[in-house]
Amino acid sequence: MKSIQILDAKHHVGETVQIGAWIANKRSSGKIAFLQLRDGTAYFQGIVVKSEVGEDVFQLAKNLSQETAVLITGEIREDSRSKFGYEIGISGIEVVGESHDYPITPKEHGTDFLMDHRHLWLRSSKQHAIMQIRNEIIRATYEFFNQNGFIKIDPPILTGSAPEGTTDLFETNYFDQKAYLSQSGQLYMEAAAMAFGKVFSFGPTFRAEKSKTRRHLIEFWMIEPEMAFMHQEESLEVQEQYVAFLVQSVLDNCDYALDVLGRDREVLQKYTKLPFPRISYDDAVELLQKNGFDDIQWGDDFGSPHETFIANSFDQPVFILNYPKAIKPFYMKPHPTREDVVICADMIAPEGYGEIIGGSERAIDHEYLLEQIKAHGLDENEYSWYLDLRKYGSVPHTGFGLGLERTVTWLSGIEHVRESIPFPRLLNRIYP
Ligand code: 4AD
Ligand code: MG
């Protein structure tokens, strides 16, 4: 007999097959039992009719508890009443792993309880849908960059440098030296761009940020492209094409997940239209001040209420260009005619999801960079390899980082970034 996965049921209508699954839910009457089966690819219904299977199998079915693992034998049938479209008429059940008093029941549970049981919470249909969207964004990322002539480069996780500032570093011992967990692979990606032209990375990054918000993780995954011989405007085009491609891929390939999450496809469709709007930092400050945000002055960084207001003024993701130099990292290219701003852009997602991309053109002048490294209190010896890049054929280049979890959160339309990664590391939470 053939073993299949639920998602493939449509190819086996009329056949008797075997499926390994867990019991997600069940209901029964005196003569018939309905088992909600889950195997990680999809959910569907198994039907056990007492008069067909006999007393023993029927009693077994009636007594199956939530999350019992079973091998089900039965015939695949069309089921026009269910959204999935197929069901299985069960003839045999073998219990593989028992389950008693499963802690997550169909009733509502508090967030702390669910987070403590994240290893089990992952089995729920909503979490399943979110992980499918995450998987599609990862798949589409490789497709986009491969199609556009980028090569994937893996920067190290253990590093001696701090590209995004020294306040939120995780420090560890590296034999008799100090090392940090990577905050960003950028500096290494710049070296790679000088070697290979167009490169991208995808890997975990770490920030010991004391922020407890619905957008911050301590460990998150970032996609960091870096492109030689490229200025900001061309980079913004790559960024908007990439994000629109991700949205389109989710629309094309995540039907089931979008249904489970109740995500409005028409809303997502708007994010596939190019170009995305652009607004300068200066104009963004003015827009906020005109609309009653008297807490913001030129020179301040935006908080999430500010980002949300700016985003709500547009109906696509929006780029905010050229922030004050004083609030950005040391490596950004100075503006050619203004002392006070750098050539950079953040992409702010719609619907209050905040910044999903941070990027910039990079400073390419050796003397300027050395000065900035010192001014930011960094040890120039630790950056001598990076400064080498400005000695041997330094060219205009630009890059950006897209936060995977913020993008998953946004496209899934969920409340909090903690559900966008299988095992979130949050302030004061490293378990499970
Ligand atoms: O803006 P950030 O800090 O930029 C960089 O790290 C650059 N070195 C990237 C580059 O140019 N190669 O981070 C980039 C993105 C943010 O826009 C956000 O989406 C995400 O990473 N991010 C976080 N996501 C979850 N939790 C956090 N604590 C995050 N910090 C940044
Ligand atoms: Mg940023």
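The values are calculated or read from the model by the stated rules, or taken from the named source; none is laboratory data. Computed from a prediction, not measured in an experiment: that's the story for all the values here. Using ideal geometry, Cβ is built from the backbone for each residue, glycine included, and neighbour counts are taken over all protein chains shown.
Within segment 386-410, residues that are within 16 Å of ligand 2 (Cβ to nearest atom) have Cβ atoms under 6 Å from residues that are part of a loop (DSSP other than H, G, I, E, B) and among the aromatic types (Phe, Trp, Tyr) in these pairs: Trp410/Tyr353, counting only partners at least 6 apart in sequence or on another chain.
Out of the residues in segment 388-432 that are part of a helix (DSSP H, G or I) and away from ligand 1 (no atom under 14 Å from the Cβ), which is nearest to His366 (Cα to Cα)?
Applying the first criterion (part of a helix (DSSP H, G or I)) to segment 388-432 yields 388, 404-412, 417-420.
Pick out the ones that are also away from ligand 1 (no atom under 14 Å from the Cβ) and you get 388, 412.
On the way: Asp388: 8, Ser412: 43 Å.
Among residues in segment 388-432 that are part of a helix (DSSP H, G or I) and away from ligand 1 (no atom under 14 Å from the Cβ), the one nearest to His366 (Cα to Cα) is Asp388.
Given the residues Ala195, Ala179, Ala129, which is the only one that is over 27 Å from Gly40 (Cβ atoms) and modelled with pLDDT of 95 or more?
Numbers: Ala179 fails: modelled with pLDDT of 95 or more; Ala129 fails: over 27 Å from Gly40 (Cβ atoms).
On inspection, the qualifying residue turns out to be Ala195.
The sole residue among Asn322, Asn428 that is outside the structural domain of Gln177 (by TED's automatic domain parsing), at positive phi and of a type outside the set (Gly, Ala, Ser) is Asn428.
Among residues of segment 178-233 being touching a residue at least 60 places away in the same chain (Cβ under 8 Å), touching a Pro at 6+ places or on another chain (Cβ under 9 Å) and polar (S, T, N, Q), the one that is surrounded by the fewest Cβ atoms within 10 Å (Cβ to Cβ) is Ser184.
Could you tell me whether segment 309-317 includes any residue that is within 16 Å of ligand 2 (Cβ to nearest atom) and among the aromatic types (Phe, Trp, Tyr)? No - not one qualifying residue is present in segment 309-317.
Considering Thr172, Thr166, which residue is more than 9 Å from ligand 1 (Cβ to nearest atom) and without any contact (Cβ under 8 Å) to a residue 60 or more places away in the chain?
On the way: Thr166 fails: without any contact (Cβ under 8 Å) to a residue 60 or more places away in the chain.
The match here is Thr172.
Assess whether Ile93 counts as being assigned to a helix (DSSP H, G or I) and either at pLDDT 95 or above or of a type outside the set (Gly, Ala, Ser) (or both). No. Could you tell me whether Ser211 is within 9 Å of ligand 1 (Cβ to nearest atom) and either within 23 Å of Leu378 (Cα to Cα) or at pLDDT 95 or above (or both)? Taking the combined requirement at face value, the residue does not satisfy it.
Close contacts from segment 92-120, counting a first residue that is of a type in the set (Lys, Arg) and a second that is part of a loop (DSSP other than H, G, I, E, B), with Cβ to Cβ under 9 Å and a gap of 6+ residues or different chains, come to Arg118/Pro422; Arg118/Phe423; Arg118/Pro424; Arg118/Tyr431; Arg118/Pro432. Of the strands (runs of 3 or more DSSP E) entirely within segment 115-224, those holding at least 2 residues that are closer than 22 Å to Gln241 by Cα occupy 198-206.
Can you name the strands (runs of 3 or more DSSP E) wholly within segment 316-369 that have at least 3 residues being touching a residue at least 60 places away in the same chain (Cβ under 8 Å) and out of contact with any His (no Cβ under 9 Å at 6 or more places or on another chain)? Outline the logic, then answer.
Numbers: elements: 318-321, 344-349, 354-361.
Answer list for segment 316-369: 344-349, 354-361.
Selection of segment 349-387 for residues being near ligand 1 (Cβ under 9 Å from one of its atoms), closer than 25 Å to Pro336 by Cα and among the acidic types (Asp, Glu) yields an empty set. Inside segment 329-349, residues that are within 28 Å of the chain's Cα centre (by Cα) and either surrounded by fewer than 20 Cβ atoms within 10 Å (Cβ to Cβ) or modelled with pLDDT under 95 (or both) make up a count of 1.
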